[in-house]
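Right, one structure below, let's go through it.
The values are calculated or read from the model by the stated rules, or taken from the named source; none is laboratory data. Keep in mind the model is a prediction, meaning the values are calculated, not measured. No Cβ is skipped: glycine too gets one built from the backbone with ideal geometry, and neighbour counts run over all protein chains shown.
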Amino acid sequence: MLKDLTLPLWEYRGFILASVQREFMIRYRSSVLGSLWSFLNPLAMILVYTVIFSQIMQAKLPGVENGLAYSIYLCAGILTWGLHSEILSRSVNIFVENANMIKKLSFPKISLPAIVVLSSLTNFGIIFGIFVGFLLISGNVPHWPVLALPLLMILQVMFAASLGLILGLLNVFFRDVGQFVGIVLQFWFWFTPIVYPLSIVPETMQDWIQFNPMTPLMTAYQGIFVLNQWPDWGSLLPLFIISLLTALAGLSLFRKLSPEMVDEL
């Protein structure tokens with residue numbers, strides 16, 4: 001099953017990469033500064049977090065003396081959550097938005113979710129690069145634990161892409177799914193320790209928040225950048241299992257529903 005779906009992706013890699021490039025160019029085509037906005041927007045966000053929380057509010061993390069710790073904590077969580085959110089929010093509508101192309105052209109439909117993932121990773125790469133530049137300038141670059149980032153990214157993308165594929169397929173047949181996902185993402189964000197550390201949450205709520213599969217992932221990212229510590233791999237095992245099962249379910253559902261998709265679009 002996996003080979004039947006990945007082989008078309010490789011054969012149509014030119015189409016996928018060209019689509020990612022076209023999306024990036026279209027996003028800034030009518031603006032004066034063009035793609036420069038892809039650098040200015042995240043840079044402004046990082047500066048706002050630094051000035052507001054570190055200088056004006058002087059917000060600090062419990063047990064961390066670094067004055068920039070909370071700003072770094074916020075950026076590490078919000079930027080990586082942004083990748084998760086973008087993949088899901090775009091994937092849920094990817095088949096519906098490309099209905100005309102699906103009906104008129106012959107190409108592997110699995111390439112559409114792949115375009116979403118690569119495009120989201122491109123945007124994230126730019127934003128994350130600026131964040132790393134901020135860490136370099138401020139002297140807060142983590143050491144050896146930074147080597148864990150690729151594994152965390154693979155796990156995160158696998159989970160988001162698999163879940164996005166399932167939601168995108170269901171949205172073809174039940175259009176309420178697209179509206180529902182937007183609401184869920186808002187609750188999911190605040191139910192994840194991104195703007196607050198888990199330690200300040202009442203103990204009765206901590207158990208519920210730890211059931212959230214994104215909690216250990218966000219904690220791992222923030223631990224690397226704020227505390228310079230390696231992730232707790234044991235805590236990430238449930239997310240790995242969930243991601244694996246979600247991927248298998250998504251691919252199986254795609255094989256089953258793909259032939260019926262054209263009639264529903």
| query | Within the stretch 191-205, which residues are in contact (Cβ under 8 Å) with a residue 12 or more places away in the chain and either more than 19 Å from the chain's Cα centre (by Cα) or part of a helix (DSSP H, G or I) (or both)? | reply | P197, L198, S199, I200
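Okay, residues lined up against (1) aliphatic (A, V, I, L, M); (2) at pLDDT 95 or above; (3) surrounded by fewer than 17 Cβ atoms within 10 Å (Cβ to Cβ):
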position: G77; (1), (2), (3): no, no, no
position: G82; (1), (2), (3): no, no, no
position: R90; (1), (2), (3): no, no, no
position: M101; (1), (2), (3): yes, no, yes
position: A114; (1), (2), (3): yes, no, no
position: G125; (1), (2), (3): no, no, yes
position: L135; (1), (2), (3): yes, no, no
| Is it the case that the stretch 205-217 has a residue that's out of contact with any Gly (no Cβ under 9 Å at 6 or more places or on another chain) and closer than 30 Å to M25 by Cβ? | no
| remark: Of those in the stretch 178-201 that are at pLDDT 90 or above and among the aliphatic types (A, V, I, L, M), the residue surrounded by the most Cβ atoms within 10 Å (Cβ to Cβ) is V181
| query | Yes or no: F128 touching a Ser or Thr at 6+ places or on another chain (Cβ under 9 Å), in contact (Cβ under 8 Å) with a residue 24 or more places away in the chain and among the aromatic types (F, W, Y)? | reply | yes
| In the stretch 202-233, how many residues are more than 22 Å from P142 (Cα to Cα), at pLDDT 90 or above and acidic (D, E)? | 0
| task | Assess whether I115 counts as being β-branched (V, I, T), more than 22 Å from C75 (Cβ to Cβ) and assigned to a helix (DSSP H, G or I). | result | yes
| field | Where S243 falls short, out of the listed (1) farther than 19 Å from A114 by Cβ; (2) modelled with pLDDT of 95 or more | value | (1)
| Taking the stated definitions as given, is L257 assigned to a helix (DSSP H, G or I), modelled with pLDDT of 85 or more and in contact with a Leu (Cβ under 6 Å, 6 or more places away or on another chain)? | yes
| task | Search the stretch 131-146 for residues being in contact (Cβ under 8 Å) with a residue 60 or more places away in the chain and in a loop (DSSP other than H, G, I, E, B), and hand back the single one that is nearest to Y70 (Cα to Cα). | result | N140
| request: Go through F124, F173 for me and flag whichever is among the aromatic types (F, W, Y), under 24 Å from S19 (Cβ atoms) and touching a helix residue (DSSP H, G or I) at 6+ places or on another chain (Cβ under 9 Å). | output: F124
| remark: Taking the stretch 217-243 and keeping residues in a helix (DSSP H, G or I), surrounded by fewer than 20 Cβ atoms within 10 Å (Cβ to Cβ) and either over 19 Å from the mean Cα position of the chain (by Cα) or free of Cβ contacts under 8 Å to residues at least 60 places away in the same chain (or both) leaves L227, W233, G234, S235, L237, P238, I241
